[in-house]
Amino acid sequence: MSAEKIKPGDQVALRSPYATRRGPFPVRRVAPNGLVWIQKRTAKNKPHLLVRHPRELVRLEPGQTVKQALTAVVPENQRCEICGWRPAPERHFVTVPIPGAFTRVCPEDMADIKKEIRERVKDIVAQVFEEFRTLAELREKEKAER
């Protein structure tokens, strides 16, 4: 992206898979050498200016979210095959133990996997609780007999 496309007043995001939580930044000025000054807020909500090269920034179209803008500039072969989002090297995936190994799973699939595990384990958990309940009742009877 060249500096001519980014102008003061535009909303930009940093090209980073972690940038979705840090919202769009307004452009304050564009230097003659092409560097872009963006305004960021500190933890105490004070304005702070950052200087970035235009290659590090993605310009947001009106009504576009940071995630949509970042997804639009990432090549197809670098996206997650399941959810379409650009994966961070290990952070995007969740490591799940399977019998005899571990596998990496996209968070989009995690909900389906948890639901399936709950369905499979539901009967076993109910049986264990029933056994503990009968064991507790037997102990209560033994205490009462003493």
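A few notes on this one:
- Checked against the criteria, Leu14 counts as aliphatic (A, V, I, L, M) and at pLDDT below 90.
- Under the condition of being of a type in the set (Val, Ile, Thr) and in contact with a strand residue (DSSP E or B) (Cβ under 8 Å, 6 or more places away or on another chain), the residues counted in the range 48-84 number 4.
- Test: residue in the range 123-144 that is surrounded by 10 or more Cβ atoms within 10 Å (Cβ to Cβ), in a strand (DSSP E or B), at pLDDT 80 or above and not assigned by TED's automatic domain parsing to the domain that holds Arg15: no
- Ala111 being part of a helix (DSSP H, G or I) and loosely packed, with under 13 Cβ neighbours inside 10 Å: yes
- Qualifying residue in the range 75-93 (condition: under 30 Å from Val58 (Cα atoms) and among the polar types (S, T, N, Q)): yes
- When the range 43-85 is limited to residues that are within 25 Å of Asp112 (Cα to Cα) and of a type in the set (D, E, K, R), the one that is farthest from the chain's Cα centre (by Cα) turns out to be Glu76.
The values are calculated or read from the model by the stated rules, or taken from the named source; none is laboratory data. Because the structure is a prediction, the values reported are computed rather than measured. Here Cβ is always computed from backbone atoms with ideal geometry, including for glycine, and neighbour counts include all displayed protein chains.
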